Structure formats: C-alpha cells, structure tokens
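For reference, the structure discussed in these notes is given below.
The values are calculated or read from the model by the stated rules, or taken from the named source; none is laboratory data. Predicted model only: the values in this text are computed from it and were never measured. Here the Cβ is made from the backbone with ideal geometry for all residues, glycine too, and neighbour counts use every protein chain on show. Ligands, DNA and RNA are stripped out before the accessible areas are found, and what is left, the full protein with its side chains, is counted by its heavy atoms. Shrake-Rupley method; radii C 1.70, N 1.55, O 1.52, S 1.80 Å.
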Amino acid sequence: MKLFTDEGNQHTLKTLIASKLSGISVELSHVDSTEIVVPFLRRSVLPVLQTDDGNHLFSANAIVRYLLSQSGKDSDDIRVTSWLEWESTELQSVLSSHLPVLYGGGKADVQNLQPCLKKVEDTLSGTQFLVQDKLTAADICVFGALYPLYAINPSCFEKHSKLSSWFTKLSSDPAFDTSVTSITKGKGSSSLKASILAQPVVNPLPSRKSSSK
Amino acid sequence: MKPSEVENEVTALAKYLQVKPCKCTVDKKSGVTQLKHNGQTVCGLASIATFLVQSSGQTSLYGGPCHLSQAQIQQWLEYRVAIVDRCLGERDVALVLKELNAFLQHRVYFVGSSLSLADLLLYFGLYATINQLTFQEKEKHIHLSRWFNNIQRQVNLDEFYPQLPFSLNHLYHGVSAH
C-alpha cells in the first residue's frame, strides 16, 4: 500500500499513528501539496492511500479505520463514527479557517474554537478516552486535527484540564510520539506551515432553511 | 446547494431499511442532526444513517465483511456531509457534479458492485440539485445521471423523492463529448 502525502500534513499524522498501532506498514510517497493524486477529484486532497489493487482512499479518517480494522483494532461503536463525522465537519470547518491565519502569522480569534474544545473536555471528564476507556480511531483523528494548535502554542489547552492531560498522555504513547517525529522531523510547528496553508477549506454548514409546505 | 430536508431523509431511509420510523431533531444552534434512541444520542447525518443500517442488520449496505468496502463507504459518507452539504455557491456545486460524474464513468455503484449506504446518502443529498438541472445539464453529466436514474428506480421511494425525468435519447449535440 502506498500513501501519497505532502510534507508536514497533520492528517497524514493520523494515518501514521494508525499504521503503527495496527502494525501494517505503508510506503510513504511524498508529493507536492498541489498535486492531484486521485484522478477524478478536481482539488488536491492529501493524504491518499492507494491499495495494492489500485483503489484510492482519499479520506484520512477512513484510512485510519481501514488500517485499524485490518488488525481487528477498529471499533464499530456508533460513537466512534459520530466523533469522526464531527471531526471532519464541525471541527474542520473551524480549524481549516483558523489554522492558516494562525500559521500565516495573523491573529486568529480563539473564541471560535472554544465550543469544540469544550465538547472534547466535557466528554473526557467522565472517561479516559473519547469513547469510554479504550483508544479508538476517534482519539487518533481528533488528536491529529488538534496537533497543529498544540505545535504552535503548547499552552493552548491550558484552560481545559481533561483535554490537556488526554493530549499529553497520547503524546507520550510510542505510536503517537514516533509518528509526530516522523511528520515534524523534530522541527515543531514550522514543518507544518506549508501543508496547512495549502489544505482545502471545509465550509461552514449553510443555514438549513425549513421549507414551508 | 440547498440542504435537503434532513428529517425527510432519515424517515425515507428508515422506510427503505424497514426499521421502526424514528424521529430526529436538528440542533438550532449548530445545525447538527440528532437521533435519540433507547437513551442514546447519535449526532450527525452520516452516523445516524450508519446506526440505522446497523439496527436493520442489512450489513451488505455497509460493505459486508470487506474492510476496504467499509472504508470506501465511510469516505463517501464523509464526502456527502463535508463537501456536498457544504457547497456555498454554484461553483462548489459545479465542482461536485463534475467530480462525481468523472468517478461514475466506469461504475454502476459508488462502492463495489451493489447498492450501499454511500449510494443512498448521495442520492438523497443530490436530489434537490439534480431536480433543478435542465435536460441539457443532465446530459452533460451523463454518468451521474445514469447512476441517479438507476438508484431512484431501485430504491423506489416515490413518496419521499418523486422520480425525476431523464431522457433516454441524446437530445443535444456535443454536450456529452469527452
């Protein structure tokens, strides 16, 4: 299996963690952040997993579950699915507009992020991981999504003690630790900048109009 | 793209799966759809749909035992909720139609060789958009139209999604040339 990615991509970080945890190795192939790997997509989406029979998976979260499932480590608990959906829609619609400003040196309004951080904090107040007391794809994907925030400002979770200790605990796990090093090459936030500035934006949800019948 | 009526969609899906009709609500502030079931709350349309399929026991709609098919279905459900539902203007809509048309060029279904939840949720999600296309635009997206017409006939949910007309003849010169 081949994983196409640009350098310093936090979504690729998710897939590397899953690869380490499942013991399934993927061959990394670095491409330019503007490269279109999946022939039918008209935008550059990275990372992309190409399976041995030529299929493409262009969702990092789906790749994570695919890798975990092959070693029996994925969970079919609906809460995992729900967290991944939340990550790819609600959290990314905030982060994908917040991070480029932050990494571009501008001032980003931290207030927009608070509801998302609070959701994670509230969940962790009763459990060790996002879905009860077991590490799942939910933890991997939310960790990867939040990593760039932490990389540029390690004190960003200070006001959220449960989130903060969850993040620290995951960071010290060997699978997470070696994946972070492999993505950042030990250079911290500067290694993530180019990828973050090139990533596609997830739009906010257009207001749902209830059509009158 | 105008978001389809989520409640209608969940009811239609429950009917198709022959599971007990369920009531879902839309959180006014966040716009997130929620389903309460036996004291458990499931958030998000893709998750609710997955939950309903799990409850129905029709595992083939979720890729059966094949991990890759499951991942592909998850990927397309994410495409539905993160891309299709979040088109902000005509350009976004045009891009989605182009991508899906290109993807379906050599395919009958989105994943594998049978109907899956990916087909169902994309069919529901694209219904309002396809409904607004002219015959000429439908012909321009010939592969997407063929897929859509096939799905609407197969699922047969007329009371929720009245079948849309497609022309079997090529009406226009040059539009579908590729």
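Would you please report the Å³ per residue occupied by the convex hull of the alpha carbon atoms in region B:80-167?
Values: hull volume 8.4 nm³, N = 88.
In region B:80-167, the Cα hull volume divided by residue count equals 95 Å³.
Please give the residues of region A:122-141, grouped as numeric ranges, whose backbone N is less than 12 Å from a label point set 7 Å along the Cα-to-Cβ vector of residue A:165.
In region A:122-141, the label zone of residue A:165 (backbone N under 12 Å from the point 7 Å along Cα→Cβ) covers A:124-129.
Charges on Cβ only, +1 for Lys and Arg, -1 for Asp and Glu, centred on the Cα centroid of region B:22-149; of B:44, B:70, B:87, which one is farthest towards the dipole's positive end?
B:44
According to a simple spin-label model (label point 7 Å from Cα along Cα-to-Cβ), what is the distance in nm between residue A:181 and residue B:28?
The modelled label-to-label distance comes out at 5.3 nm.
Place a +1 charge on the Cβ of each Lys and Arg in region A:145-213 and a -1 charge on the Cβ of each Asp and Glu, then give the dipole magnitude about the Cα centre in debye, rounded to the nearest 20. Write out the running numbers ahead of the final one.
Working: 9 positive and 3 negative charges, 90 e Å.
Here the size comes out at about 440 debye.
Mind checking the mean number of beta-carbon atoms from other chains within 10 Å of the Cβ atoms in B:107-117?
On the way: counts 0, 0, 0, 0, 1, 0, 0, 0, 0, 0, 0.
The shielding value for this peptide is 0.
What residue among A:66, A:83, A:116 has its Cα farthest toward the positive end of the dipole of region A:47-128, where the charges are +1 on Lys, Arg and -1 on Asp, Glu, each on the Cβ?
Positive-end residue among those listed: A:116.
Is the shape of the protein assembly as shown best called rounded, prolate or oblate, per the rule: a/c under 1.5 gives rounded, else a/b larger than b/c gives prolate, else oblate, with a ≥ b ≥ c the square roots of the Cα gyration tensor eigenvalues? Mind showing how you got there, number by number?
Working: a/c = 1.65, a/b = 1.43, b/c = 1.15.
In terms of gyration-tensor shape, prolate.
Can you tell me the alpha carbon radius of gyration of region A:117-213 divided by the globular rule-of-thumb value 2.2 N^0.38 Å? Provide the component values of the computation, followed by the final result.
Numbers: Rg = 16.4 Å, N = 97, 2.2 N^0.38 = 12.5 Å.
It is 1.31.
May I ask you to derive the FRET efficiency for residue B:92 and residue A:172 from their Cβ-Cβ distance with R0 = 35 Å, giving the value to the nearest 0.05?
On the way: r = 41 Å, r/R0 = 1.18.
That gives a FRET efficiency of 0.30.
Per the 1.4 Å probe, what fraction of the accessible area of the protein assembly as shown, in percent, lies on carbon and sulfur atoms? Intermediate results must be reported in sequence, preceding the final value.
Details: 9060 of 17990 Å².
Of all accessible area on the protein assembly as shown, carbon and sulfur atoms account for 50 percent.
State in Å² the accessible area per residue of region A:161-209; use a 1.4 Å probe, count heavy atoms of protein chains only, and round to the nearest integer.
52 Å²
So, with +1 on the Cβ of K and R and -1 on the Cβ of D and E, and no other charges, what is the size of the charge dipole of chain A about its Cα centre, to the nearest 20 debye?
Values: 21 positive and 21 negative charges, 118 e Å.
The calculated dipole for chain A is roughly 560 debye.
Can you give the FRET efficiency to the nearest 0.05 for residue B:58 and residue A:107, using r as the Cβ-Cβ distance and R₀ = 56 Å?
Working: r = 50 Å, r/R0 = 0.90.
Between residue B:58 and residue A:107 the formula returns 0.65.
Can you list the residues of region B:78-101 that have at least 30 square angstrom less accessible area with all protein chains present than in their chain by itself, probe 1.4 Å?
Residues shielded by partner chains are B:78, B:81, B:82, B:85, B:86, B:88, B:95, B:98, B:99.
Considering just Cα atoms, how many Å³ per residue does the convex hull of region B:1-109 enclose? If you can, show how the numbers build up before the last one.
Values: hull volume 12.8 nm³, N = 109.
In region B:1-109, the Cα hull volume divided by residue count equals 117 Å³.
Hey, got the dipole for chain B? About the Cα centre, +1 on K and R Cβ, -1 on D and E Cβ, debye to the nearest 20?
Values: 16 positive and 14 negative charges, 31 e Å.
In debye, rounded to 20, chain B gives about 140.
Given the rule -39500 (n - 2.57) for each run of at least 4 DSSP H residues, summed and divided by the residues of the protein assembly as shown, what is its mean residue ellipticity at 222 nm, to the nearest 500 deg cm²/dmol? Intermediate values should be presented prior to the final figure.
Details: 16 runs with 189 residues, N = 391.
When only DSSP H runs of four or more count, the value is -15000 deg cm²/dmol.
Using only Cα atoms, what Kirkwood radius does region A:90-142 have, in angstroms?
Details: mean 1/r = 0.0805 Å⁻¹.
Final number for the Kirkwood radius of region A:90-142 is 12.4 Å.
Using all Cα-Cα distances in region A:1-92, what percent lands in each 5 angstrom bin from 0 up to the longest?
3, 14, 23, 26, 19, 12, 3, 0
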